[in-house]
1. Per the helix-only calculation at 222 nm, which mean residue ellipticity applies to the chain, given -39500 (n - 2.57) for every DSSP H run of n ≥ 4 and division by its residues, nearest 500 deg cm²/dmol?
2. I'd like the distance between the alpha-carbon centres of the range 51-109 and the range 172-199, rounded to an integer number of Å.
3. Which of the lysines could a cross-linker bridge to residue 203, judged by Cα under 18 Å and excluding same-chain residues fewer than eight apart?
4. Straight-line reach from residue 119: which aspartates and glutamates have a Cα under 16 Å away, not including same-chain ones fewer than 8 places off?
5. Kindly rank 134-140, 81-87 from highest to lowest mean number of other beta carbons found within 10 Å of each residue.
6. Check cross-link reach from residue 122 to the lysines: straight Cα distance under 28 Å, and skip same-chain residues fewer than eight apart.
7. Taking K and R as +1 and D and E as -1, what net charge do the other residues with C-beta under 10 Å from the C-beta of residue 109 add up to?
8. Would you kindly state how much longer the chain becomes between residue 202 and residue 29 on full extension, computed as 0.36 nm times their sequence separation minus their alpha carbon distance, in nm to one decimal?
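The values are calculated or read from the model by the stated rules, or taken from the named source; none is laboratory data. Keep in mind that what you see is a predicted model, and the values were worked out from it rather than measured. Reconstructed Cβ throughout: ideal geometry from the backbone, glycine too, with neighbour counts over all protein chains shown. When the accessible area is computed, the model is the full protein with side chains, heavy atoms only, and any ligands, DNA or RNA have been set aside. Shrake-Rupley method; radii C 1.70, N 1.55, O 1.52, S 1.80 Å.
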Amino acid sequence: MTRFFRALSLGLALLAPAGAFADPATLSREMIVGDPAAPVSGDPKGDVTIVAYLDYNCGFCKKSAPALEKLVKTDGDIRLVYKDWPILAESSVYAAKIALAAKYQGKYDVAHKALMSLKGAKIPQAKMLEAVKAAGIDMARLEADAAAHDAEIVALLKRNDAQAKGMGFAGTPVYLIGPLLVAAAPDYDQFKDAVAQARARAKAR
(Lines give C-alpha, C1' and ligand atoms only; values in the text may rest on other atoms or scores of the structure.)
Protein backbone atom coordinates (compact mmCIF):
# COMPACT_ATOMS: atom_id res chain seq x y z
CA MET A 1 0.00 0.00 0.00
CA THR A 2 3.01 2.31 -0.03
CA ARG A 3 1.76 4.17 -3.08
CA PHE A 4 -1.38 5.19 -1.20
CA PHE A 5 0.15 7.10 1.66
CA ARG A 6 3.09 9.12 2.83
CA ALA A 7 4.25 10.28 6.23
CA LEU A 8 2.76 13.55 7.40
CA SER A 9 4.27 15.49 10.27
CA LEU A 10 1.56 16.95 12.48
CA GLY A 11 3.96 17.88 15.23
CA LEU A 12 4.42 21.46 14.03
CA ALA A 13 2.26 24.20 15.49
CA LEU A 14 1.32 25.37 12.01
CA LEU A 15 1.04 23.63 8.66
CA ALA A 16 1.18 26.80 6.57
CA PRO A 17 2.79 30.24 6.86
CA ALA A 18 1.09 32.33 9.54
CA GLY A 19 0.27 35.06 7.05
CA ALA A 20 -1.58 32.75 4.68
CA PHE A 21 -4.87 32.93 6.58
CA ALA A 22 -6.53 35.36 8.97
CA ASP A 23 -6.39 32.93 11.91
CA PRO A 24 -3.22 30.80 12.08
CA ALA A 25 -4.69 28.79 14.97
CA THR A 26 -7.03 27.20 12.43
CA LEU A 27 -4.05 25.27 11.09
CA SER A 28 -2.82 23.97 14.41
CA ARG A 29 -2.66 20.23 14.98
CA GLU A 30 -5.20 20.65 17.77
CA MET A 31 -7.79 22.18 15.44
CA ILE A 32 -7.15 19.64 12.70
CA VAL A 33 -7.69 16.61 14.91
CA GLY A 34 -9.81 18.17 17.65
CA ASP A 35 -11.95 21.03 16.32
CA PRO A 36 -14.87 20.94 18.79
CA ALA A 37 -17.35 21.76 16.02
CA ALA A 38 -16.27 18.91 13.73
CA PRO A 39 -18.47 15.77 13.76
CA VAL A 40 -16.83 12.75 15.38
CA SER A 41 -17.72 9.08 14.94
CA GLY A 42 -16.33 5.79 16.19
CA ASP A 43 -14.66 5.69 19.61
CA PRO A 44 -14.07 9.25 20.94
CA LYS A 45 -11.10 7.86 22.88
CA GLY A 46 -9.75 5.64 20.10
CA ASP A 47 -6.00 5.09 19.92
CA VAL A 48 -5.88 6.09 16.23
CA THR A 49 -7.56 9.20 14.85
CA ILE A 50 -8.63 9.34 11.21
CA VAL A 51 -9.39 12.81 9.85
CA ALA A 52 -11.40 12.59 6.61
CA TYR A 53 -11.64 15.52 4.17
CA LEU A 54 -14.62 14.77 1.92
CA ASP A 55 -17.07 16.19 -0.65
CA TYR A 56 -20.54 14.74 -1.21
CA ASN A 57 -20.13 15.04 -5.00
CA CYS A 58 -16.83 13.17 -4.95
CA GLY A 59 -17.02 9.74 -6.57
CA PHE A 60 -13.79 8.58 -4.91
CA CYS A 61 -15.13 9.64 -1.49
CA LYS A 62 -18.24 7.56 -2.13
CA LYS A 63 -16.16 4.63 -3.29
CA SER A 64 -14.16 4.51 -0.06
CA ALA A 65 -17.00 5.44 2.33
CA PRO A 66 -18.28 1.86 2.90
CA ALA A 67 -14.76 0.61 3.56
CA LEU A 68 -14.12 3.37 6.09
CA GLU A 69 -17.43 2.69 7.82
CA LYS A 70 -16.60 -1.03 8.01
CA LEU A 71 -13.13 -0.29 9.38
CA VAL A 72 -14.45 1.92 12.18
CA LYS A 73 -17.05 -0.70 13.17
CA THR A 74 -14.80 -3.75 13.02
CA ASP A 75 -11.75 -2.15 14.61
CA GLY A 76 -13.58 -0.59 17.55
CA ASP A 77 -10.69 1.66 18.60
CA ILE A 78 -10.73 4.37 15.94
CA ARG A 79 -11.76 7.97 16.38
CA LEU A 80 -13.10 9.34 13.07
CA VAL A 81 -13.24 13.09 12.51
CA TYR A 82 -15.24 14.32 9.53
CA LYS A 83 -14.05 17.39 7.66
CA ASP A 84 -16.62 18.51 5.13
CA TRP A 85 -14.64 20.16 2.34
CA PRO A 86 -17.17 21.10 -0.39
CA ILE A 87 -15.08 22.08 -3.41
CA LEU A 88 -16.54 20.29 -6.43
CA ALA A 89 -19.88 21.99 -7.00
CA GLU A 90 -22.33 24.48 -5.54
CA SER A 91 -24.46 21.58 -4.39
CA SER A 92 -21.45 20.28 -2.44
CA VAL A 93 -21.74 23.29 -0.14
CA TYR A 94 -25.47 22.69 0.21
CA ALA A 95 -24.91 19.03 1.11
CA ALA A 96 -22.22 19.88 3.66
CA LYS A 97 -24.54 22.37 5.33
CA ILE A 98 -27.33 19.77 5.45
CA ALA A 99 -25.06 17.19 7.07
CA LEU A 100 -23.66 19.65 9.59
CA ALA A 101 -27.13 20.95 10.47
CA ALA A 102 -28.20 17.35 11.12
CA LYS A 103 -25.47 17.15 13.76
CA TYR A 104 -27.60 19.34 16.03
CA GLN A 105 -30.22 16.60 16.22
CA GLY A 106 -27.58 13.91 16.66
CA LYS A 107 -27.95 12.67 13.10
CA TYR A 108 -24.76 13.70 11.31
CA ASP A 109 -23.77 10.07 10.69
CA VAL A 110 -27.23 9.34 9.29
CA ALA A 111 -27.19 12.33 6.94
CA HIS A 112 -23.58 11.64 5.94
CA LYS A 113 -24.34 8.05 4.96
CA ALA A 114 -27.46 9.06 3.04
CA LEU A 115 -25.60 11.73 1.06
CA MET A 116 -22.60 9.50 0.39
CA SER A 117 -24.96 6.82 -0.93
CA LEU A 118 -26.22 9.05 -3.74
CA LYS A 119 -24.83 8.14 -7.15
CA GLY A 120 -23.16 10.59 -9.47
CA ALA A 121 -21.78 14.11 -9.19
CA LYS A 122 -23.37 17.57 -9.11
CA ILE A 123 -26.40 16.02 -7.44
CA PRO A 124 -29.48 18.29 -7.40
CA GLN A 125 -30.31 19.82 -4.04
CA ALA A 126 -33.82 18.38 -4.12
CA LYS A 127 -32.39 14.87 -4.42
CA MET A 128 -30.14 15.51 -1.44
CA LEU A 129 -33.07 16.61 0.66
CA GLU A 130 -35.06 13.55 -0.39
CA ALA A 131 -32.19 11.30 0.66
CA VAL A 132 -31.83 12.72 4.17
CA LYS A 133 -35.58 12.78 4.67
CA ALA A 134 -35.83 9.11 3.66
CA ALA A 135 -33.04 8.34 6.15
CA GLY A 136 -35.19 9.57 9.04
CA ILE A 137 -33.96 13.13 9.55
CA ASP A 138 -36.45 15.50 11.18
CA MET A 139 -36.73 17.97 8.31
CA ALA A 140 -38.46 20.75 10.24
CA ARG A 141 -35.73 20.68 12.85
CA LEU A 142 -33.06 20.43 10.16
CA GLU A 143 -34.33 23.64 8.56
CA ALA A 144 -34.50 25.39 11.92
CA ASP A 145 -31.01 24.25 12.96
CA ALA A 146 -29.53 25.19 9.58
CA ALA A 147 -30.85 28.73 10.02
CA ALA A 148 -29.99 29.07 13.69
CA HIS A 149 -26.45 27.71 13.33
CA ASP A 150 -25.58 29.03 9.87
CA ALA A 151 -22.73 31.22 11.10
CA GLU A 152 -21.13 28.33 13.01
CA ILE A 153 -21.50 25.95 10.07
CA VAL A 154 -19.99 28.43 7.62
CA ALA A 155 -17.12 29.13 10.02
CA LEU A 156 -16.39 25.39 10.30
CA LEU A 157 -16.39 24.96 6.53
CA LYS A 158 -13.98 27.88 6.20
CA ARG A 159 -11.64 26.30 8.77
CA ASN A 160 -11.76 22.98 6.93
CA ASP A 161 -10.96 24.74 3.67
CA ALA A 162 -8.06 26.67 5.23
CA GLN A 163 -6.63 23.46 6.68
CA ALA A 164 -6.91 21.54 3.42
CA LYS A 165 -5.32 24.35 1.41
CA GLY A 166 -2.68 24.93 4.07
CA MET A 167 -1.62 21.29 3.82
CA GLY A 168 -1.59 21.49 0.04
CA PHE A 169 -4.36 18.99 -0.67
CA ALA A 170 -5.17 18.77 -4.39
CA GLY A 171 -8.70 17.44 -3.93
CA THR A 172 -10.90 14.93 -2.16
CA PRO A 173 -10.73 12.47 -0.56
CA VAL A 174 -7.83 12.90 1.84
CA TYR A 175 -7.47 10.82 5.00
CA LEU A 176 -5.05 11.62 7.79
CA ILE A 177 -4.53 8.30 9.57
CA GLY A 178 -2.39 9.00 12.60
CA PRO A 179 0.85 10.35 11.08
CA LEU A 180 -0.01 9.08 7.57
CA LEU A 181 -1.62 10.96 4.71
CA VAL A 182 -3.76 8.95 2.29
CA ALA A 183 -4.72 10.97 -0.79
CA ALA A 184 -6.65 8.20 -2.51
CA ALA A 185 -9.76 6.02 -2.18
CA PRO A 186 -8.56 3.04 -0.12
CA ASP A 187 -10.42 -0.22 0.14
CA TYR A 188 -10.94 -1.92 3.50
CA ASP A 189 -7.62 -3.77 3.52
CA GLN A 190 -5.71 -0.62 2.60
CA PHE A 191 -7.41 1.34 5.38
CA LYS A 192 -6.64 -1.51 7.79
CA ASP A 193 -3.00 -1.57 6.72
CA ALA A 194 -2.63 2.19 7.21
CA VAL A 195 -4.14 1.97 10.71
CA ALA A 196 -1.74 -0.88 11.58
CA GLN A 197 1.21 1.20 10.41
CA ALA A 198 -0.03 4.22 12.38
CA ARG A 199 -0.17 2.07 15.52
CA ALA A 200 3.28 0.63 14.84
CA ARG A 201 4.75 4.11 14.51
CA ALA A 202 3.09 5.19 17.76
CA LYS A 203 4.60 2.21 19.61
CA ALA A 204 8.03 2.87 18.12
CA ARG A 205 8.23 6.39 19.48
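1. -15000 deg cm²/dmol
2. 15 Å
3. 45, 192
4. 55, 130
5. Per-residue Cβ counts within 10 Å, averaged per peptide and sorted highest first, yield 81-87, 134-140.
6. Candidates past the 8-residue exclusion: 62, 63, 70, 83, 97, 103, 107, 113, 133, 158, 165.
7. So the environment of residue 109 carries a net charge of +2.
8. 60.6 nm
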